[in-house]
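Here the structure is laid out as structure tokens; the discussion comes afterwards.
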Amino acid sequence: MQKIIQLMSLELEKAFENAGYDPQYAKVVVSNRPDLCEFQCNGAMAAKKVYKKAPIEIAKDVAAQLKGSGVFSRAEAVMPGFLNLDLKEAWLADYLNGMAQDPELSVEKAENPRMVIVDYGGPNVAKPLHVGHLRAAIIGECLKRMGRRLGDNVIGDVHLGDWGLQIGLIITELQERQPDLVYFDENYAGEYPEQAPFTIGDLEEIYPAASARSKQDEAYREKALQATVELQKGRRGYHALWEQIMKLSVADLKENYRKLEVSFDLWKGESDVQKYIPDMVRRMQEEGYAYLDQGAWIVDVSEESDSKEIPPCMLLKSDGASLYTTTDLATILEREQEYHPDEILYVVDKRQELHFVQVFRCARKTGLIPEKAELNFLGFGTMNGKDGKPFKTREGGVMRLEDLIGDINREMYQKIVENRSVRDTDAEDTAAIVGLSAIKYGDLSNQATKDYVFDVDRFTSFEGNTGPYLLYTIVRIRSILSRYAEGGGDPAVCRLLPADGKSEKNLMLQASRYNEALAGAYAEKAPHRLCSYVYELANCVNTFYHEHRILAEENTEKQQSWIALMDLAKCVMLDAIDVLGFSAPERM
Ligand code: ARG
């Protein structure tokens, strides 16, 4: 179903035309003075030059055409030439009844679905997930879901960091500790053991130890670099170790992402595209894009209009090793070959922006991907603690994601148990659901590109602009609906009647704008806009709820209409939070 604002514009176009004006001026927008009117049209102001007429005269002509309109209950020309508009309650109710009947809740699917790859997550194997990976997962997952909800074909790719120095460090440290392992015997030609010589717990201890040592011990670091190169060249024992690391790490990562309700269609990584690199680089050399500079192969990507210098893209270092850039270029090549995407969207820390500017320019310049395909970078800001510095543990260390989730869930559990008179078995599951909403909504409700403060107390509050508040509102509606059903009513047969009163109409108006809010948020890659929408909807629900005694209402038709409205608000909220990436418990 079309967006309500478009339908209003259509009605206004007719009025402009009938009054003798160009319908292009008939655009309707939400009022910026809600105290004066619900919607407005400012077209007369723009039309004044063309018609050499005072805008107020134009607005009056149009308003005259809207007398008896089926859409607007009021269309008033006000100085200097605005049209103030209010919707007809009956028309609004019709729209909402249509929306309630539609399994898509009036969300229109893309006519020409695009193929979009979202590259998000970006964890590095063998390193535990930490809060730095949280934003990529949360924002990327939301954009993927938005795209799907609006009909695009969206593929999520985790793009593992699985080919770098961290593997060389682990190999080196392992060799120090257990030099006799068969993996280190270069003459060994047999099968390697099926069982890994370490557990995931070991890895989580080995990596930081190795990383710390490499910062102090130059020879050790050299060894790790060497091990990385040998792994990349295909040394058998190292490769077998790498496979073991991958197996354990990926299983662990999957479990972590599952807890976050984040899922990827592709579990590809940097290692998967190494095979494309030699040919890709050769072509760039032959076609004259890449040239030698102090032994390294580089491609210029600066442009005349640059206000600051964009350094060239390095393909191969002087020792022949490829880099992060090379891998990302090869990944574009592979994605183009396999999926012909209309867009690749990278959801990565904004501090990597320069890297992506270089990669995108090089990909364009060398024709890795057709001109019409979009390459977009959504760089997110840092998640800070209350002290304004990157979020840390109380001891000042890097916060592991698992621990953060554990802390939040415990906090939620406390609150839920306090709220309930009886201790029951589902409190823990409920705490996990509500806790996830606290984390995800706390993140998404901030503009992605900005840094934000992760404030546990605020995010877990049942009041204010928080995930738990939204869930609380949904649970409240559920309880009304189930009590209504217990009394013998059937919400499914209830229909909305024209609103009778301000809070009812406000709720209806807000509910009617769901498709618009969702499409707008996706177009701008702005989950926070969808958050504002649902938050506002929850506020409308609660204001309405406090002003009406729904279950005690004696006028049956009226009661049914309110039940239908509650049911619709619940459906919209559930749909929206699903797009945001969390769900609601049955009760709280
Ligand atoms: N693994 C990288 C990191 O931890 C992020 C990967 C982002 N995606 C990409 N295609 N480069 O910084």
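Scan the stretch 323-344 for residues that are touching a residue at least 60 places away in the same chain (Cβ under 8 Å) and crowded, with 21+ Cβ neighbours inside 10 Å and jot them down.
Hits for the stretch 323-344 are Thr327, Thr331, Arg335, Pro341, Ile344.
Just checking, which of Ile298, Ile310 is assigned to a loop (DSSP other than H, G, I, E, B), of a type in the set (A, V, I, L, M) and open to solvent by less than 50 Å² (accessible area, probe 1.4 Å)?
Values: Ile298 fails: assigned to a loop (DSSP other than H, G, I, E, B).
On inspection, the qualifying residue turns out to be Ile310.
Which of (1) under 25 Å from Gly520 (Cα atoms); (2) in a helix (DSSP H, G or I); (3) open to solvent by less than 60 Å² (accessible area, probe 1.4 Å) is the odd one out, the single condition Asp61 does not satisfy?
(1)
If I ask for residues that are part of a helix (DSSP H, G or I) and open to solvent by 50 Å² or more (accessible area, probe 1.4 Å), which ones from the stretch 507-527 would you list?
Hits for the stretch 507-527 are Glu516, Ala523.
Only one of Glu287, Glu303 is closer than 14 Å to Leu368 by Cα and of a type in the set (Asp, Glu); which? Talk me through it step by step, then tell me what you get.
Details: Glu303 fails: closer than 14 Å to Leu368 by Cα.
Only one candidate qualifies: Glu287.
Return the only residue of Leu96, Leu105 being in contact (Cβ under 8 Å) with a residue 24 or more places away in the chain, assigned to a helix (DSSP H, G or I) and open to solvent by less than 20 Å² (accessible area, probe 1.4 Å). Before the answer, list the steps.
Details: Leu105 fails: assigned to a helix (DSSP H, G or I).
Just one listed residue meets the conditions, Leu96.
Can you go through Ile155, Ile167 and tell me which one is more than 25 Å from Gly396 (Cβ to Cβ) and either surrounded by fewer than 22 Cβ atoms within 10 Å (Cβ to Cβ) or within 12 Å of the ligand (Cβ to nearest atom) (or both)?
Numbers: Ile167 fails: either surrounded by fewer than 22 Cβ atoms within 10 Å (Cβ to Cβ) or within 12 Å of the ligand (Cβ to nearest atom) (or both).
Among Ile155, Ile167, only Ile155 is more than 25 Å from Gly396 (Cβ to Cβ) and either surrounded by fewer than 22 Cβ atoms within 10 Å (Cβ to Cβ) or within 12 Å of the ligand (Cβ to nearest atom) (or both).
Go through (1) over 16 Å from Val541 (Cβ atoms); (2) outside any loop (DSSP other than H, G, I, E, B); (3) at pLDDT 95 or above one by one and return the number of the condition Ala492 breaks.
(3)
Which of the following residues is of a type outside the set (Val, Ile, Thr), assigned to a helix (DSSP H, G or I) and either under 34 Å from the mean Cα position of the chain (by Cα) or within 16 Å of the ligand (Cβ to nearest atom) (or both): Glu255, Glu230, Glu222?
Values: Glu230 fails: either under 34 Å from the mean Cα position of the chain (by Cα) or within 16 Å of the ligand (Cβ to nearest atom) (or both); Glu222 fails: either under 34 Å from the mean Cα position of the chain (by Cα) or within 16 Å of the ligand (Cβ to nearest atom) (or both).
So the residue among Glu255, Glu230, Glu222 that is of a type outside the set (Val, Ile, Thr), assigned to a helix (DSSP H, G or I) and either under 34 Å from the mean Cα position of the chain (by Cα) or within 16 Å of the ligand (Cβ to nearest atom) (or both) is Glu255.
Considering each of Arg135, Arg148, Arg74 in turn, give the residue that is over 23 Å from Leu378 (Cα atoms), touching a strand residue (DSSP E or B) at 6+ places or on another chain (Cβ under 8 Å) and either away from the ligand (no atom under 16 Å from the Cβ) or not in a strand (DSSP E or B) (or both). If you could, list the steps in order and put the result at the bottom.
Numbers: Arg135 fails: over 23 Å from Leu378 (Cα atoms); Arg148 fails: over 23 Å from Leu378 (Cα atoms).
Just one listed residue meets the conditions, Arg74.
When you scan the stretch 269-278, do you find a residue that is surrounded by 12 or more Cβ atoms within 10 Å (Cβ to Cβ), assigned to a strand (DSSP E or B) and of a type outside the set (Val, Ile, Thr), even just one? Let's see the steps before the verdict.
First pass over the stretch 269-278, keeping only residues surrounded by 12 or more Cβ atoms within 10 Å (Cβ to Cβ): 269-274, 276-278.
Still in the list and also assigned to a strand (DSSP E or B): 269.
Filter again for of a type outside the set (Val, Ile, Thr), leaving 269.
Yes, that holds for at least one residue.
The values are calculated or read from the model by the stated rules, or taken from the named source; none is laboratory data. All values reported here derive from a predicted model rather than from experimental measurement. Neighbour counts are summed over all protein chains in view; Cβ atoms, including those assigned to glycine, are modelled from backbone coordinates with ideal geometry. Remember, those area values only see protein heavy atoms, side chains included, never the ligands or the DNA or RNA. Shrake-Rupley method; radii C 1.70, N 1.55, O 1.52, S 1.80 Å.
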